[in-house]
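Below: one structure, written as structure tokens.
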Amino acid sequence: MTDRDILPDNFKPIHYDLEIRDLDFTSWSYKGTVRIDGKLVKPTKDIVLNTLEIKLLNAKLTAGPQSWESTQFAEDTKAQRSTISFAEELPVADNVSLTLDFTGELNHDMAGFYRSQYKPAAPAAASVPRDDEFHYMLSTQFESCDARRAFPCFDEPNLKATFDFAIEIPDDQVALSNMPVKETKPAGPNKKLVSFERSPVMSTYLLAWAVGDFEYVEAFTDREYNGKKLPVRVYTTRGLKEQGRWALEHAPKIIDYFSEQFEIDYPLPKSDILAVHEFTHGAMENWGLVTYRMTAILFDEKLSEARFRNRIAYVVAHELAHQWFGNLVTMDWWDELWLNEGFATWAGWLATDHLHPDWEVWPQFINEGMDQAFLLDSVRASHPIQVEVRDALDVNQIFDKISYLKGCSMIRMLASHLGIKTFLKGIALYLQRHAYGNAKTEALWNALSEASGVDVNTIMRPWIEEIGFPVVSVTEGKDQISVKQARFLSTGDVKPEDDKTTWWVPLSLRGKIGSQDIEPLSLQTKETTIDGVSQDFYQLNANATGFYRVNYPESRLKTLGTQLAHLTTEDKIFITGSAADLAFAGNSTTAALLSFVQGLKNETHYRVLSQALDSVNTLKSIFGDDEEVKKGLEKFTLELIDKALKEVGWEPKQGENYNIPLLRKRLLLTAVANSHEEVIDEAFRRWNEWRANPTGAPIPADLRLPVYRAALKKDPANAVAAIKEEWFTTPAIDGKEVCLQALGQVTDEALIEDVLLPFLFDSAPPAHPRDSVPGADMHILSGNMAGNRIARPLLWAYLRDNWDKFNAKLGGNPILVDRMVNVSLPKFADLETLKEIEDFFSKVSTKGFDRTLEQVKDKIRGRAAYKMRDAEVVKSWLKANGYC
């Protein structure tokens, strides 16, 4: 990419020696010194490096006996750089040291070196900073481009170096970093200087440190590394460490598993996990010190929902996969971020499946992950997995689920085609060849080609470099089918210029005459004919390993709905999702979708019913403004879940598997949302029982959300007040998320406008913390309000009219702003609101979320087109089938 905005190449860093000191908990500032050893490869008067919210004080460059000093600094805030100018030209030299003194900010923006607020679970050490409401811990978040917020550095992924790190802290607190502690020594009254061992060669975004009132639980790997079992610790602020036990059960096993599968031992002498109270993402894979959002790592055996067991196990596996794929071998530039995230997502599910085969995580991925990837990649404003990235703000926008979920889908598709053992052999080869370096996608394809004998580069290039995915349309003949691929767009308006890509499509045909196996056929042209296909039963993309949609003739889809016994769980999920997407785009009919889903009323598998309910909820969201259609879809939904609901009931049964509590929660929530009076009354009874004795037995974790939703229907004002208070006071780590999810379903306009929107957008201070959702959690409430047809327009109006207030609350954090735009706006289904959105954003800067905004607008266009095209079709089908 010729216009990539990168640093000048005259200085090559090799090693950093960084010391942080004078932490000031009143002004929230600190001082630091960094010595950067490296090479001057070109003569120059200027050295340019990255800084942001850092003040340089003085600079000194030494080369052998010579030295040059400077206080001439020119800061370019927009480019996030500082130029150090010297009075005379600096000569080329192989060994130079650039020493910089600087000051920095302990910000509250969840980027760089920042502070997190929390309410202590146990009395804290005396020196812990605090105010009237909160205590504070300190930690870092550097990916993608925020190491420069903490110290001056050459902050690009292919400018790898080793790091020595030391930090001065109060002597009753704990410091953590990537490596084990090397030395601790006194540093003045009530202070100590903690130094850490030298890191391996790594990118700046992987450096990390933290300071706080930490305690830990510890376990060890079964395997030995350099003659010792590896220590694994979960650190928390005081009083929470026991909630790290579930993560600790998994991390050592996963380290051993990946060491064996990748044929390279975990390369660091320890593996630490840190729960951070305020965090932008789910977790961050800092080498040797992985940081996590609280709900992604802590589990309370009495108070946490069952689904968080799954989330924690998966996220731990995902982040540990990065220790090899991303940390040991790093993408060359951010345009190949998918190499990190797509692989770690796939490997995370692989390890979770290895440890918990009973969880059926691949059906989960198809239902939750692949379906989201289809949704994101089906809009015209999507982007290729390997996308051009010019600068830091561009990087933030590709931290989207296309990189993660489509990337994982590509890896899963290829691993299935090559065979898992062959695939992992290629992965090991890739890691061995590029250890401690940087690599491009082509290097991975070359290793996989060598291991498999398949020309991986050729078959995968369109999937990585081109936008979108195909729909494979089927035409039936006598004992044969013809298949044709074309780009799929959810708006249904594919133009010739949109459809220039020919993908390699693994057809995975089940139903070849004379064969019981899945035939490994592939489509590598626009269309072809396959002979010898049974007309009684056949299926494409068996087990849903391919990333494409299948458009069967309507009669075939109806037939498949009567042949569910021939289909795997993965197949049922995939066919339902395909039918929904094709109806949305107009490639197929909504009548065909509803007829197929109607045939699932005897299903009791959580993931299959979830996919079916997701499809019907989309219809309710788009067509539900018509009260007759809304009631008809509610009746249809209650019929769909009736059998499963009667089977699982309210009370858990001894020995039920992991998925049953998840199914119970989903069914009860669905019943409440679709006006099942018996379930609503029982849920409200349980609410009143709990409110009458709030210090007694809590509502079981997996029933909280259905009970809260029923209370909000029956007694909205009192329920909002009570749930809001529960949000502020709950000791359950995931309890705050549950409360925000529930509050997003309020349909009383006055409560939305007078209580919930100020609660969402007000900052604390000046608001009391109980009246202000933290910036990192705003998307939870906002996303649920956006899915609520009463709250949706009120949310948009408030966001539009308080745009500056909203940006001020998030401190300009581009990741959080982008996320809020992404969750708050895409559920509209009318062109009038689309015009309002276009008009408003034409007048404000959209740098940092412009790509996401275009995707949002495409989603609205698709929903509006679907509504105009099929509103009467849906009503007619519901009437004809007795639902309205």
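The values are calculated or read from the model by the stated rules, or taken from the named source; none is laboratory data. What you are looking at is a predicted structure, and each value in this text was computed from that prediction instead of being measured. Note that each Cβ is placed from the backbone with ideal geometry, even for glycine, and that neighbours are counted across all protein chains shown. Ligands, DNA and RNA are excluded from the accessible area calculation, which covers all protein heavy atoms including side chains. Shrake-Rupley method; radii C 1.70, N 1.55, O 1.52, S 1.80 Å.
Listed values, structure above:
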read-out	value
One residue from Ala683, Ala719, Ala711 being open to solvent by less than 30 Å² (accessible area, probe 1.4 Å) and in contact with a Pro (Cβ under 7 Å, 6 or more places away or on another chain)	Ala683
Scope the stretch 223-278; condition over 18 Å from Asp734 (Cβ atoms) and assigned to a loop (DSSP other than H, G, I, E, B); matching residues	Asn226, Gly227, Arg238, Glu263, Ile264, Asp265, Tyr266, Pro267, Leu268, Pro269, Lys270
Single residue of the stretch 495-519 satisfying the filter (more than 32 Å from the chain's Cα centre (by Cα) and surrounded by fewer than 15 Cβ atoms within 10 Å (Cβ to Cβ)) that is farthest from Val379 (Cα to Cα)	Gly514
Boolean, Lys859 is open to solvent by 10 Å² or more (accessible area, probe 1.4 Å), assigned to a loop (DSSP other than H, G, I, E, B) and more than 16 Å from Val629 (Cα to Cα)	no
Those residues of the stretch 299-311 which are in contact with a Phe, Trp or Tyr (Cβ under 8 Å, 6 or more places away or on another chain) and closer than 26 Å to Gln141 by Cα, in sequence order	Phe299, Phe308, Arg309, Asn310
Qualifying residues in the stretch 765-780 (those that are of a type in the set (A, V, I, L, M) and in contact (Cβ under 8 Å) with a residue 12 or more places away in the chain) - the one surrounded by the fewest Cβ atoms within 10 Å (Cβ to Cβ)	Ile780
Selection status of Glu53, under 36 Å from the mean Cα position of the chain (by Cα) and open to solvent by 60 Å² or more (accessible area, probe 1.4 Å)	yes
Close pairs from the stretch 456-471: first touching a residue at least 40 places away in the same chain (Cβ under 8 Å) and among the acidic types (Asp, Glu), partner open to solvent by 40 Å² or more (accessible area, probe 1.4 Å) and part of a loop (DSSP other than H, G, I, E, B), Cβ under 9 Å, at least 6 apart	Glu465/Gln386; Glu466/Lys500
Checklist (1) among the hydrophobic types (A, V, I, L, M, F, W, C); (2) closer than 15 Å to Ser473 by Cα; (3) not assigned by the TED database to the domain that holds Asp479 applied to Leu540, failing item	(3)
Where Asp155 falls short, out of the listed (1) under 21 Å from Leu106 (Cα atoms); (2) modelled with pLDDT under 95	(2)
Where a residue in the stretch 582-603 is farther than 18 Å from Thr475 by Cα and its partner, wherever it lies, is among the charged types (D, E, K, R) and surrounded by 18 or more Cβ atoms within 10 Å (Cβ to Cβ), with Cβ under 7 Å and at least six apart	Thr590/Asp870
Of residues in the stretch 75-113 being within 37 Å of the chain's Cα centre (by Cα) and free of Cβ contacts under 8 Å to residues at least 40 places away in the same chain, the one most open to solvent (accessible area, probe 1.4 Å)	Lys78
The one condition in (1) within 25 Å of Tyr430 (Cβ to Cβ); (2) open to solvent by 40 Å² or more (accessible area, probe 1.4 Å); (3) small (Gly, Ala, Ser) that Ser259 fails to fulfil	(2)
Qualifying residue in the stretch 212-232 (condition: within 23 Å of the chain's Cα centre (by Cα), crowded, with 21+ Cβ neighbours inside 10 Å and either at pLDDT 95 or above or closer than 25 Å to Asn340 by Cα (or both))	no
Hits in the stretch 119-144 - residues which are buried (at least 24 other Cβ atoms within 10 Å of the Cβ) and at pLDDT below 95	Glu143
Checklist (1) open to solvent by 10 Å² or more (accessible area, probe 1.4 Å); (2) modelled with pLDDT of 95 or more applied to His281, failing item	(2)
Failed item, numbered, when Gly783 is tested on (1) more than 17 Å from Ile860 (Cα to Cα); (2) at pLDDT 95 or above; (3) open to solvent by 10 Å² or more (accessible area, probe 1.4 Å); (4) under 19 Å from the mean Cα position of the chain (by Cα)	(1)
From Pro8, Pro65, Pro43, residue being touching a Pro at 6+ places or on another chain (Cβ under 8 Å) and either open to solvent by 50 Å² or more (accessible area, probe 1.4 Å) or on the phi > 0 side of the Ramachandran plot (or both)	Pro43
Helices (runs of 4 or more DSSP H) contained entirely in the stretch 373-478, each with at least 1 residues that are in contact with a Pro (Cβ under 7 Å, 6 or more places away or on another chain)	392-397, 407-418, 456-465
Only listed residue being without any contact (Cβ under 8 Å) to a residue 40 or more places away in the chain and over 15 Å from the mean Cα position of the chain (by Cα), chosen from Asp353, Asp358, Asp377, Asp335	Asp353
Qualifying residue in the stretch 343-353 (condition: in a helix (DSSP H, G or I) and polar (S, T, N, Q))	yes
Sole residue being more than 30 Å from Gly586 (Cα to Cα) and either touching a strand residue (DSSP E or B) at 6+ places or on another chain (Cβ under 7 Å) or without any contact (Cβ under 8 Å) to a residue 24 or more places away in the chain (or both), chosen from Ala797, Ala808	Ala797
Wholly within the stretch 748-815, helices (runs of 4 or more DSSP H) carrying at least 3 residues that are within 29 Å of Thr618 (Cβ to Cβ) and of a type in the set (A, V, I, L, M, F, W, C)	757-761, 778-786, 791-801
Selection status of Val389, modelled with pLDDT of 95 or more and over 18 Å from the mean Cα position of the chain (by Cα)	no
Test result for Ser845, under 30 Å from Phe636 (Cβ atoms) and polar (S, T, N, Q)	no
